[in-house]
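What follows is calculated from the coordinates using simple rules that are stated; it is not laboratory data. The shown structure was predicted, so the numbers you read here are calculated from the model rather than taken from an experiment. Quick reminder, even Gly has a Cβ in these numbers, built from the backbone with ideal geometry, and neighbours come from all protein chains shown.
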Amino acid sequence: MTKIIKPCIYLFFILFSIQEMNAQLETHLIAGEAWAKGDFVEIGINAKGVYGAETSNKPASFHDNRESDGNGIFGFIANPLADGWVDYDGDYFTPGSPEEGFSIEIDGVNYNNNNSGGLFQIPGQIMDVNVISSDCFEDTAQIFWEGNIEGVNIKRYYSITKEGLFIQMTTVIKNLSSEAKSNVYWMHNVDPDNNVSLSGNYSTNMELISQASSAADDVCLVKATQAPLLTPQDMDGSHVSLYAKDENARVSYGGFDNRNASAVWNGIGLNSTEGSTTFNVDEAISYAYFIGNLDIDETVQFTYYYILEDVDESFIPFIVSAFQENPTTYEGTDGMIIFTGLTEGESYTISYFDDGVLVPDTVYVADENGEIVITGLNSGTYSGITVSFSGCVTTVDTVFVLTDPPLPVYTVSTEDFTNCDTVDGELIFSGLTPSTIYTVTYTYEGTVFGPEELEADINGEIIFTELPGGAYTDFAVEQYEGVTTSDEVVEIFGPLTPTSYPIPNQFYCDDDFDYITTIDLTLLNDFIIGPDDAATYQITYHATEEDANNNVDLSASNYETTGESTYMLYAKKTHTGSDCYSYVPFNITINLPSDFDIFDDFICLNSDDTVNTEYELPILDTGLSETTHSFEWFLEGVLIPGENSSQLTANAHGNYSVTATIIATGCDYTQDAIIFPSGPPQVLDVIVTTPPFSENHTVEITASGHGNYVYAVNNGPWQDSPVFTNLPYGVNVFQIIDTNGCGIVKVEKLLIDFMKFFTPNNDGVKDYWQIVGIHDLLEPEIHIFDRHGKLLKQLSPTSTGWDGTYNNNPLPTSDYWFRLTFKDIDNNEHEFVEHFSLIR
């Protein structure tokens, strides 16, 4: 593979934007688009660098392009019969989908500029138009377009001659980036359509005449033709071909919107075999060029053609072009004037004026590419160029003005921090050439940074990111050894750090005496926020400064203290928009209340619930100093007015509480006590649970009221049980008393029974026999019998009893019987018969 490598090439044609050398050769620059006209070919190039300028801007001298369906673009037309534009071809591709454009592929990624689909992926513009005239060579009209993508500079030169039926396209590609590019391909694609505007037929006949990979002469030629319509407008048919002579070139046909340069070069899905033909198809023809790897500052140049007449592989387009290459460095001496299209090995004598000073005749020999390069030129005006060969002497009218690379033109601006979480300030150098390397130096706060080689992005900017706040100055930007300095001072600012207002020392009380308690820190938010808008800040709390900086938060609403009596916390105030924050320390002090007790007690009441004044009232005593404490007393939760001493005399029963507050710290502690009521039974009943005349008399006492009770009978011992057994008949005296000693109650109870014996000896003891309690029975009747059943006595219930006589005669010791009848409360009659003893 042959590469033409020229370091730091800049090609400019320094001529008028509209220049006419004669009536048939013209160039125009209109609204950012270029037009070129020869005797037999007319072209329009748009801002994308592809064929298809706006028809509405077509110069008046140009012919109608026969664009038929409203696309409104002018590509290229031709008049192969040279009949004064009666029978001419075009516009070749604008009907239907206007498929015409090129692509560069860099490491597998394709960038396309094409009329179809409005593709403009390689930013660029028309740079100039030019007409070069000569006495020995055919005059040439040129259009110059330039674009950049991924740091790769692309220059395109479109040239037509006065009488030629071809368009020469020279492409110069240079790597201006800071890294080598790999697997670089170029591709150009067009759907011919030829004379569809006359025939209504989009189809053409395809023929791949020659392929460089199989031809010894490295000629590539693919043709798309249509047969003559045999009308005045088309007697010769139409022809459009892609032609190149380069071992690294390939041509093909097939497909339509071919966009992948490496696929076209490899013929994937296309006809790329020499000799292939296909008839009557609506397909595209394509050209591809393999560049391979493109090193930093490496340049590659290649040329191919649209041929607009019927040709074969022996066709050799003859066009002599001249263009300039400016010095690659500021005040450099490597500028060039280049002549192409000359005869290989031919000697040419050239002289010229350098800024008005004659440079005498010098003999140059055209190289294998038909080029002569005048080198070693600095910036200046080169005119009066004469070229002599084979007896012909011609003066090139074009004046070439070589210029140094311009000093970098830039402005410096800054972007302030968007937040405080990341240092993201920016220093921006704008107005530079996109995808171009510059050397940049600046000073920050007295420290010099750089020089550093950096590549301007696609917007022509070099941006330093993640910069801290402060002043930046002493800027220097260098390109091609030209330096532009600036002592402007710019400054990067960050978002304002919020002001954290102080939080006063905080005191809390712990009523379980272990210095651990739960508190709500969010109640302190208003302190740190101060007069600021609370909605724009987040307040968090932290155990240490490190935690504050690392966003380790405490649970603010239910924070549990550490167990220390005093320590420090940190409150942090963060702006919710910028993440900027500040924090303040504050002290936490945990105080303990006084530890004391009051005890449960009782108050003696009468049976009617009035206070029994015979007993002392209970006293609740905290045992605390009234000098250092304040007190509040409560009964059943209601504050007792006027009671604010350390002790209280309780004059009623109920639930008492006292809150004792340490005056110095405000720490309080509350204790409770119950004053129980105590007193004699309010309800009392002594119940004989056994019937009269039982073997075992039993009594149960029912007592209820304030307190707990104990019981005794007939001055016997006290017992908890209210049940008494084996009681004697007759009157029993029962005693009931509260366990607290608040009043004793005595109750008598008569137990009914008969005397088992009596001794009527007038000694005053058991001299009479009677049923004890007889008067408590209803309608009692008592009859006494001897053991033979003889009635001896009928006793009245009210009498003192039987004296043991019958008809006033004492009866002897013996057993006697009685019969008792009585009624119960339900008026049922009962009878009881038993015996007893008379003892003398």
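Listing for the model above:
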quantity: 12 Å beta-carbon shell around A548, net charge (K/R +1, D/E -1); calculated: -2
quantity: Mean Cβ neighbour count within 10 Å, used as a protection proxy, ranking 392-400, 740-748, 484-492 highest first; calculated: 392-400, 740-748, 484-492
quantity: Quotient of Cα Rg and 2.2 N^0.38 Å for region 470-557, N being how many residues it contains; calculated: 1.99
quantity: Karplus-derived 3J(HN,Hα), 6.51/-1.76/1.60, for each residue of region 222-235, Hz, glycine and proline x; calculated: 10, 10, 10, 10, 10, 6, x, 8, 6, 10, x, 7, 8, 9
quantity: Size of charge dipole - region 130-246 - debye, nearest 20, with Cβ of Lys, Arg +1 and Asp, Glu -1, no other charges; calculated: 300 debye
quantity: Per-pair calculated FRET efficiency, R0 = 60 Å: T576 and N266 via Cβ, rounded to 0.05; calculated: 0.60
quantity: DSSP bridge pairs, the chain: antiparallel proportion in percent, nearest 5; calculated: 95 percent
quantity: Karplus-derived HN-Hα couplings along region 694-705 (A = 6.51, B = -1.76, C = 1.60, θ = phi - 60°), whole Hz, x at Gly and Pro; calculated: 6, 5, 10, 6, 10, 10, 10, 9, 10, 9, 9, x
quantity: Phi-based couplings in Hz for region 94-108 (Karplus 6.51, -1.76, 1.60; Gly and Pro marked x); calculated: 6, x, x, 8, x, 7, 7, x, 9, 8, 10, 10, 10, 6, x
quantity: Counted charge near D234, where neighbours are those whose Cβ lies closer than 12 Å (Asp, Glu -1; Lys, Arg +1); calculated: -3
quantity: Label zone at T610 (point 7 Å along Cα-to-Cβ), backbone N below 13 Å, region 726-758; calculated: none
quantity: Distance in nm between pseudo-label sites at F757 and E632 (7 Å out along the Cβ direction from Cα); calculated: 7.9 nm
quantity: Of all DSSP beta bridges in region 283-429, antiparallel share, percent nearest 5; calculated: 100 percent
quantity: Reported label for calculated Cα extents along the principal axes in Å given (1) 123, 98, 58; (2) 206, 69, 45; (3) 79, 66, 54; calculated: (2)
quantity: Length gained when the stretch D776-V373 is fully extended (0.36 nm per residue, less Cα-Cα span); calculated: 129.1 nm
quantity: MRE, 222 nm, helices only [DSSP H, n ≥ 4, -39500 (n - 2.57), over the chain, to nearest 500]; calculated: -500 deg cm²/dmol
quantity: Formal net charge of residues neighbouring N46 (Cβ-Cβ distance under 9 Å; K, R +1; D, E -1); calculated: -1
quantity: Peptide ranges 689-699, 402-412 listed from the most packed, as the mean C-beta count within 10 angstrom indicates; calculated: 402-412, 689-699
quantity: Under 30 Å from the Cα of K766 - lysines, other chains or at least 8 residues apart; calculated: K746, K749, K756, K790, K793, K823
quantity: Reach of K58 by Cα under 22 Å, taken over lysines that are not fewer than 8 positions away in the same chain; calculated: K37, K48, K162
quantity: Loop-located GluC sites (Glu not before Pro) in region 395-463 whose Cβ has at most 10 other Cβ within 10 Å (DSSP); calculated: E445
quantity: T418 long-range amide H proximity, modeled H, under 5 Å; calculated: D424
